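*Asks:* What follows is a single structure, and I will ask about it in a moment.
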Amino acid sequence: NPFAGLVSHLRASWLSGKMQSMEYRVTQLEALEHFLDDKKQEILDATASDLGKAPFETELSEIFLCKNELHETLNNLSRWMKDEHVDRTLALQLDSAFIRKEPYGVVLIIAPWNYPIQLFLVPLIGAIAAGNCVIVKPSEVSKKTERLVAEVLPGYLDKDCFAVVTGGMQDTTRLLENKFDYIFFTGSPPVGRIVMTAAAKHLTPVTLELGGKNPCYVSDTCDVTNVARRVAWGRFFNAGQTCIAPDYLLCTVEMQEKLLPALRKAIDDFYGPNPQESPDFGRIVSDKQFRRLQALLGSGRVAIGGQTDEAERYIAPTVLADVLPSDPAMQEEIFGPILPIVVIANMDEAIDFINSRERPLTIYAFSSNNKVVNQVLERTSSGGFCGNDTLMHVTLTSLPFGGIGNSGLGMYHGKFSFDTFSHRRGCLKRGMGREPLNAPRYPPYSQQNFRVIRATSRVTRKNDCTLL
């Protein structure tokens, strides 16, 4: 296996204890911030080349959010690393019981192409904070960013503990043949199944950050202008190539007729009369993705946009009206600048529609009535939820980010990243003396001894009492 030597080298480094100290971890985390600062222009150039991403979008989603994660981690790492002491029964009151947060060992992070800096760097921050050695595999689809990460990042980190591996699907397959102690994958559900199958051969735990068709319910009672602006921003940010973008709207036919002109105005306000000329609207990452998206434009009727330019891999911000659940646009995650509207009769029908499908990464609900938003929250299930806005929940390091079922397994961001890459080791330390206290548990057994054990080791409910 071409990667066996690399994995063995990192494992030897991890076994040496190099990653144990907080000071060492802090040094490596600070190096990541230097990477973001020193190579900011190169990051802007690479993401512009790969995705046509505007500098504003790159600074916000690829640099600013990563720095927030770094600062949250550096501010709290000493507290996160401390042993967590736990309650003890009466029999163990003189002993020490605690949870120790230990690294897994050698971790593999497989990143996608749509946010090619953020989606490898944020899990890498958590893996380093927890004390792991890491191999990063950036996506080969975002070619310029992959090259930047491969050529530049190793110069900032300890090469004995961190490595970047490049290549296509065949290389990733060979990489997955090696035994890792943890695998963190971001991508599509079909590839997630492949990763999980490979991990199962070594009983390796995984986090899978997958996609899904994120529904967005818009009630009849809302500020239509505000809804249109917030939905259009979330759907067309990064040309729609965002795993938590609102994937389709659910609303009544009356609300659809109100939303269409409001969405048209929002798109015009954001990108001008010809979005193809806007410096703020991105491009589709590859010819393959362009052709896939182009095929979805036949769903429903094109109410806004619909223009394409294969030479530029440009698809206009598009809204499809009167889309049927059986249409192609409703069979897969769109992952592009296309927004279908599915007409429903009321909120109950919208909730039933959401619950009849795979659980999504995010659910959005818009209403001026907080009870409506709460109803959608309480009667559905998803990885995350955001009421009366889109995407913004992902900006909080205090919230866990992750999917459920088809949309993923596990979570990260902030302390949740540290916890994901840490094994919580349950520890009990007892003294060598006081042996008479142990006598009731030894043979020969008796009911009297069992009563003593039960009285001193029992976990009782509140207001419960125990008679010896």
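The values are calculated or read from the model by the stated rules, or taken from the named source; none is laboratory data. Keep in mind it's a predicted model, so treat the numbers as computed, not measured. Virtual Cβ from ideal backbone geometry, glycine too; neighbours counted across all protein chains shown. Accessible surface areas use protein heavy atoms only, side chains included; no ligands, DNA or RNA. Shrake-Rupley method; radii C 1.70, N 1.55, O 1.52, S 1.80 Å.
*Asks:* Rounded if a/c is under 1.5, else prolate if a/b is larger than b/c, else oblate: which is the chain, with a ≥ b ≥ c the root eigenvalues of its Cα gyration tensor?
*Replies:* oblate
*Asks:* Working from the pairwise distances between different alpha carbons, so that the mean of 1/r is found and then inverted, what is region 33-156's Kirkwood radius in Å?
*Replies:* Every distinct Cα pair counted, the radius reaches 16.3 Å.
*Asks:* Among the GluC sites (Glu not before Pro) within region 220-313, which fall in a DSSP loop and have no more than 16 other Cβ atoms within 10 Å of their own Cβ?
*Replies:* Glu310, Glu312
*Asks:* Which value in deg cm²/dmol, rounded to the nearest 500, describes the helix-derived mean residue ellipticity at 222 nm for the chain, given -39,500 (n - 2.57) per DSSP H run of n ≥ 4 and division by the residue count?
*Replies:* It comes out at -12000 deg cm²/dmol, rounded to the nearest 500.
*Asks:* Grab the alpha carbons of region 363-468, take their convex hull, and tell me the volume per residue in Å³.
*Replies:* 231 Å³
*Asks:* Could you give the distance between the Cα centres of region 357-406 and region 1-43, to the whole Å?
*Replies:* 34 Å
*Asks:* Would you mind classifying region 84-226 by shape? Square roots of the alpha carbon gyration tensor eigenvalues, ordered a ≥ b ≥ c; an a/c under 1.5 is rounded, otherwise it is prolate if a/b is larger than b/c and oblate if not.
*Replies:* oblate
*Asks:* Write down the accessible area per residue of region 114-214 in Å², having rolled a 1.4 Å probe over the full set of protein chains.
*Replies:* Value for region 114-214: 35 Å² per residue.
*Asks:* Whole Å is fine, so just give me how far the alpha carbon centre of region 265-335 lies from that of region 174-220.
*Replies:* If we compute the Cα centre of each part, the gap is 27 Å.
*Asks:* Order these peptides, 398-405, 152-159, by their mean beta-carbon neighbour count within 10 angstrom, highest first.
*Replies:* Order by mean packing, descending: 398-405, 152-159.
*Asks:* What residues have an amide H closer than 5 Å to that of Tyr104, excluding those fewer than 5 places away on the same chain, when H is modeled at 1.01 Å from N in the peptide plane?
*Replies:* So Tyr104 has HN proximity to His423.
*Asks:* Along Cα→Cβ, 7 Å out, is where each label goes; now give me the distance between the ones at Asn68 and Ser457 in nm to one decimal.
*Replies:* If labels sit at Asn68 and Ser457, their model points lie 4.8 nm apart.
*Asks:* Lysines near Lys201 by alpha-carbon distance under 18 Å, same-chain residues fewer than 8 away left out - which ones?
*Replies:* By straight Cα distance, Lys201 reaches Lys179.
*Asks:* In addition: Order the peptides 317-328, 4-15 from the highest to the lowest mean number of other Cβ atoms within 10 Å of their residues.
*Replies:* Packing order, densest peptide first, comes out as 317-328, 4-15.
*Asks:* Before anything else, pin down the relative contact order of region 215-403: Cα pairs under 8 Å, at least 6 apart, normalised by residue count, whole percent.
*Replies:* For region 215-403, the relative contact order is 28 percent.
*Asks:* Ignoring ligands, DNA and RNA, what percent of the 1.4 Å accessible area of region 320-435 is carbon and sulfur?
*Replies:* The C+S portion of the solvent-accessible surface of region 320-435 is 53 percent.
*Asks:* I would also like to ask the following. Over 16 Å, how big is the tail of the calculated P(r) for region 116-178, in percent of all Cα pairs?
*Replies:* More than 16 Å apart: 46 percent of the Cα pairs in region 116-178.
*Asks:* Can you return the aspartates and glutamates within cross-link range of Lys213? Criterion is Cα-Cα under 16 Å, with same-chain partners fewer than 8 residues away left out.
*Replies:* Within the straight-line cut-off, Lys213 pairs with Asp247, Asp327, Glu332, Glu333, Asp352, Glu358.
*Asks:* Which pairs in the list Lys159/Lys415; Lys39/Lys67; Lys67/Lys143; Lys144/Lys288; Lys53/Lys265; Lys39/Lys144 are over 19 Å apart, alpha-carbon to alpha-carbon?
*Replies:* Over 19 Å apart, Cα to Cα: Lys159/Lys415; Lys67/Lys143; Lys53/Lys265.
*Asks:* Next up: Can you run phi through the Karplus equation (6.51, -1.76, 1.60; θ = phi - 60°) for region 136-146 and list ³J(HN,Hα) in whole Hz, with x for Gly and Pro?
*Replies:* 9, 10, x, 6, 6, 6, 8, 4, 5, 5, 4
*Asks:* If each of Arg434 and Lys288 carries a label point 7 Å out from its Cα toward its Cβ, how far apart are those two points in nm?
*Replies:* Distance between the two pseudo-spin positions: 6.3 nm.
*Asks:* Rounded, prolate or oblate, given the Cα gyration tensor of region 30-83, with a/c below 1.5 counting as rounded?
*Replies:* In terms of gyration-tensor shape, prolate.
*Asks:* Taking a probe of 1.4 Å, how large is the accessible area per residue of region 235-390, in Å²?
*Replies:* Here the per-residue accessible area is 40 Å².
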